[in-house]
Amino acid sequence: ALVGGGPGESDLITVRGRRLLAEADVVVADRLAPHGLLDELAADVEVVDAAKIPYGRAMAQQEINRILVERAKAGKFVVRLKGGDPYVFGRGYEELLECARAGVAVTVVPGVTSAVSVPALAGIPVTHRGVAHEFTVVSGHIAPDHPDSLVDWAALARSRGTVVLLMAVERMGAIARALIGHGKDPDTPLAVVQDGALPGQRTVHSTLRAAAEDLAAAGVRPPAIVVLGPVVALARDLAHAAGAPVL
């Protein structure tokens with residue numbers, strides 16, 4: 001079973017995902033999966049750490065694929081536990097294809113993606129009537145000027161809706177320059193939510209122009225979600241009106 005675990009807190013996994021996890025013989029878990037659920041597993045369940053730490057230790061995707069197929073072919077019920085949704089920048093479909101080639105049947109359990117849920121938990125709606133009628137989720141793991149980038153940054157710059165950037169903290173300066181260079185207003189409101197759905201969750205407010213400098217000054221580290229657009233100002237103004245502190 002390919003299970004999306006949600007954005008972080010253990011109780012944000014789906015009912016089906018939790019049920020299948022309880023039936024597992026083997027759990028292959030990502031770094032951003034809800035690790036609190038692993039403590040509830042029976043002692044004889046094999047737990048494989050498949051963490052992909054940014055700029056640090058990482059299990060190769062080929063090795064993850066090998067383990068999934070090997071354990072399943074040995075007659076074990078394997079749960080591949082991922083953070084968020086397995087098909088939103090989670091390489092989930094790569095793993096499904098590998099299992100399919102090996103003749104291993106896979107049940108896919110969608111998860112609550114951090115792209116929508118983390119902004120919501122920080123008080124930011126990705127859409128709002130009269131403010132934003134669209135939102136776009138973008139991977140920031142490749143710089144805009146990299147030849148492997150598939151993102152149409154010019155189209156994003158023209159967008160009037162919300163842009164949600166995942167894996168973008170380290171390249172925020174380059175991303176901001178690309179968007180501004182294609183005509184995006186440098187004063188577009190921006191917020192970054194670090195450690196969403198976890199006890200240490202915090203939000204840093206900025207603008208597109210100042211984002212890289214402000215994130216560095218605040219010591220923002222992955223995992224973090226960047227939200228860009230007028231909905232950010234809406235949420236910020238509401239927080240001010242309620243007397244809540246806004247970084």
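Summary table below
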item	result
Which numbered condition E95 fails, given (1) surrounded by fewer than 21 Cβ atoms within 10 Å (Cβ to Cβ); (2) touching a helix residue (DSSP H, G or I) at 6+ places or on another chain (Cβ under 9 Å); (3) among the acidic types (D, E)	(1)
Pair list, Cβ under 6 Å, 6 or more apart: the stretch 54-65 residue over 20 Å from G140 (Cα atoms) and surrounded by 13 or more Cβ atoms within 10 Å (Cβ to Cβ), other residue modelled with pLDDT of 80 or more and not charged (D, E, K, R)	M59/A50; I64/A50
Helices (runs of 4 or more DSSP H) contained entirely in the stretch 24-129, each with at least 2 residues that are among the hydroxyl-bearing types (S, T, Y) and in contact with a Gly (Cβ under 8 Å, 6 or more places away or on another chain)	114-121
Among residues of the stretch 178-197, those that are more than 18 Å from P230 (Cβ to Cβ), more than 15 Å from the chain's Cα centre (by Cα) and hydrophobic (A, V, I, L, M, F, W, C), counted	1
Subset of the stretch 57-87 that is charged (D, E, K, R) and in contact with a helix residue (DSSP H, G or I) (Cβ under 7 Å, 6 or more places away or on another chain) - its residue that is nearest to R31 (Cα to Cα)	K82
Single residue of the stretch 114-161 satisfying the filter (touching a residue at least 24 places away in the same chain (Cβ under 8 Å) and basic (K, R)) that is farthest from G196 (Cα to Cα)	R158
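The values are calculated or read from the model by the stated rules, or taken from the named source; none is laboratory data. Worth saying up front: this structure is predicted, and the values here are computed from it rather than measured. Every residue, glycine among them, receives a Cβ derived from its backbone with ideal geometry; neighbour counts consider all protein chains shown.
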